[in-house]
Amino acid sequence: MTLVLATQNIHKVQEMRSILSDWIWHLKALSELNPNFEIIEDGMTFEENARKKAEHVMQEFGYICLGEDTGLEVDALNGQPGVYSARYAGDKATYQQNVEKLLSALKDTPNQNRTARFRCVCALAFPVQYALPAKIFEGICEGMIIEKPKGDAGFGYDPVFVPRGYTQTFAELTAEQKNKISHRAKALQQVRQFLDKSVILK
Ligand code: ITT
């Protein structure tokens, strides 16, 4: 069975493959089908965006597709950057620019108020022959934002995010450690269970 990962973000593809590495399904990246296929992310919620990614790619290529939308919600910023996490510092912002803008927005916020979470929403879209409606899953990882970036692993906001119960940032932990506790791992384990139950046994 093939599941298409409806994202052009190579870091997300790497993590998804690693989280699901012992799974029997074949994970095909969107870039293998069309490296230029673009999905406009104009939804107001993670769910809308995730669903849109999954459905567009499913309609174009005819595979079961997984769309994934993730963001960082910072309590002191009323949940920002949220769905705008990729574009927080502007449309073509780099990870570093987004992190700098975040740290500057939080510069007067004391440690105890720097709580935040990663929210990962996954949507599955099925070609018509499966007769299955789109399905949504969510994974959350709580933590806090530190004052200066630390570590070189991971991507995005990882160098400033310390997951709850840890003293190191996601970018200081190994990929294996991050992939055990992350928002993405929690959402993908549900995706896996659902597909194993609903599709393989059909
Ligand atoms: P696609 O829409 O093609 O999937 P994207 O990079 O736009 O790729 P998202 O909208 O889901 O993906 O991601 C929003 C941003 O949130 C992303 O660019 C990163 O900066 C950040 N992000 C997502 N997952 C993350 C993670 O596990 N660790 C750190 N930052 C993450």
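All of the numbers you see were taken from the coordinates with simple rules; none came from a lab. Small disclaimer: the values here were computed from a predicted structure and weren't measured. So basically every Cβ, Gly included, is an ideal-geometry build from the backbone, and we count neighbours across all protein chains shown.
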- Given the residues 165, 151, which is the only one that is touching a helix residue (DSSP H, G or I) at 6+ places or on another chain (Cβ under 6 Å) and not β-branched (Val, Ile, Thr)? 151
- Mind checking which residues of region 112-163 are touching a Gly at 6+ places or on another chain (Cβ under 7 Å) and in a loop (DSSP other than H, G, I, E, B)? 127
- Inside region 146-175, can you point out the residues that are small (Gly, Ala, Ser), buried (at least 18 other Cβ atoms within 10 Å of the Cβ) and either without any contact (Cβ under 8 Å) to a residue 60 or more places away in the chain or touching an Asp or Glu at 6+ places or on another chain (Cβ under 8 Å) (or both)? 171
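Residues to consider are 114, 51; find the one that is surrounded by 15 or more Cβ atoms within 10 Å (Cβ to Cβ), farther than 24 Å from residue 154 by Cα, among the charged types (D, E, K, R) and touching a residue at least 12 places away in the same chain (Cβ under 8 Å).
Unique residue meeting the criteria: 51.
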- Task: Give the residues of region 44-83 that are away from the ligand (no atom under 12 Å from the Cβ) and of a type in the set (Lys, Arg), sorted by residue number.
- Result: 51
- So residue 11 clears everything in (1) more than 10 Å from the ligand (Cβ to nearest atom); (2) surrounded by fewer than 17 Cβ atoms within 10 Å (Cβ to Cβ); (3) within 14 Å of the chain's Cα centre (by Cα); (4) of a type outside the set (Phe, Trp, Tyr) except one condition, right? Which one? (1)
- Looking at (1) touching a His at 6+ places or on another chain (Cβ under 6 Å); (2) more than 12 Å from the ligand (Cβ to nearest atom), which is the one condition that is false for residue 120? (2)
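Listed here are the residues, each with its yes/no results for (1) under 26 Å from residue 179 (Cβ atoms); (2) surrounded by 16 or more Cβ atoms within 10 Å (Cβ to Cβ).
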site	(1), (2)
59	no, no
78	no, no
106	no, yes
123	yes, yes
136	yes, yes
- For residue 88, state whether it is touching a Pro at 6+ places or on another chain (Cβ under 6 Å) and either buried (at least 19 other Cβ atoms within 10 Å of the Cβ) or touching a residue at least 12 places away in the same chain (Cβ under 8 Å) (or both). yes
